[in-house]
Every structure is written in C-alpha cells, then in structure tokens.
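Only one structure is covered here, and it is reproduced in the block below.
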Amino acid sequence: MTMRDPSLKVQISDLSEKLDPLIAPLDNDQLLTLVIEAIREYRRLLQCAEDAHQQWEQAKSVLASEHCRLKELERTYLNALKSHQAQMNLVAALTDRLGYIPTIDQEGPSDEE
C-alpha cells in the first residue's frame with residue numbers, strides 16, 4: 001500500500017478528522033513531541049512486524065508438519081503488521097498536522113523542516 005493508494009489517503013484523512021479535537025489544543029512543541037513519540041513507536045512496530053515475518057518464514061520450512069504452530073506464527077505476524085499499519089496512519093496524520101516530518105536520530109529530534 002502506498003500513499004498513492006486512494007484508500008490509504010481516505011484512512012489518513014478519516015483519522016486526521018478524528019484526531020483533530022484531541023490535537024488542536026496542543027502547541028507546536030507538544031505536537032512535535034507527540035509526532036516524535038509516534039515515529040519511534042512506528043519504528044518499533046515495524047521491527048516487530050519484520051521479526052514476526054522472519055520467524056514465520058523460517059518456520060514454514062522447518063515446521064511444515066506443525067500446522068498449528070505455523071498458523072500461530074502467521075497470526076502473530078499479521079497482528080504485528082496491522083499494528084504497524086495503524087501506527088503508520090497515525091504518524092501520517094500527525095506529521096500532516098505538524099506540517100513536516102522531523103528528523104529523528106540517535107541523539108534526539110531535529111526541528112528542521
């Protein structure tokens with residue numbers, strides 16, 4: 001799914017509308033902090049999804065006879081992927097509101113636009 005996907009744009013727009021009453025009272029510094037936390041959580045969830053996918057893929061060849069375990073790993077991966085996608089939509093909605101994507105490195109955020 002890419003940003004060119006109309007359904008993703010609609011999801012982000014819908015989420016932005018729902019978040020607006022919650023984030024409207026925030027000043028720019030508070031919003032920046034929220035965006036940075038959301039991006040960090042997005043990165044963590046992405047890593048979880050990638051790890052779960054890798055475990056599932058590796059188990060396919062090893063556990064071919066253990067259908068239940070494979071299904072469990074697949075569910076774990078799909079749940080991680082859903083969490084990651086939901087966080088991606090949140091980050092998109094928040095950065096849209098902020099007006100830019102802050103640069104975040106190991107030392108902390110940068111307020112560059």
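The values are calculated or read from the model by the stated rules, or taken from the named source; none is laboratory data. Bear in mind that the values here come from a model prediction, so they are computed numbers and not experimental data. Because the Cβ atoms are built from the backbone with ideal geometry, glycine has one as well, and the counts that use them run over all protein chains shown. What goes into the accessible areas is simple: the full protein's heavy atoms, side chains included, and nothing from ligands, DNA or RNA. Shrake-Rupley method; radii C 1.70, N 1.55, O 1.52, S 1.80 Å.
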Practice item. Filter segment 51-66 down to the residues that are among the hydrophobic types (A, V, I, L, M, F, W, C) and free of Cβ contacts under 8 Å to residues at least 24 places away in the same chain, then identify the one that is nearest to K18 (Cα to Cα). Key: W56
Study note, to complete from the structure: Contact list, first residue from segment 67-78 and under 12 Å from H53 (Cβ atoms) and of a type outside the set (F, W, Y), second anywhere and assigned to a helix (DSSP H, G or I) and open to solvent by 70 Å² or more (accessible area, probe 1.4 Å), beta-carbon distance below 8 Å, six or more apart or interchain, is L73/Q55; T76/Q55
Point to revise | Qualifying positions in segment 16-42 - surrounded by 13 or more Cβ atoms within 10 Å (Cβ to Cβ), in contact with a helix residue (DSSP H, G or I) (Cβ under 9 Å, 6 or more places away or on another chain), of a type outside the set (D, E) and in a helix (DSSP H, G or I) | key: S16, L19, I23, L31, L32, L34, V35, A38, I39, Y42
Practice item. Examine segment 52-65 for a residue that is under 16 Å from the mean Cα position of the chain (by Cα) and surrounded by 12 or more Cβ atoms within 10 Å (Cβ to Cβ), and state whether such a residue exists. Key: yes
Exercise for review: Take C48 and decide whether it is outside any loop (DSSP other than H, G, I, E, B) and touching a residue at least 12 places away in the same chain (Cβ under 8 Å).
Suggested key: yes
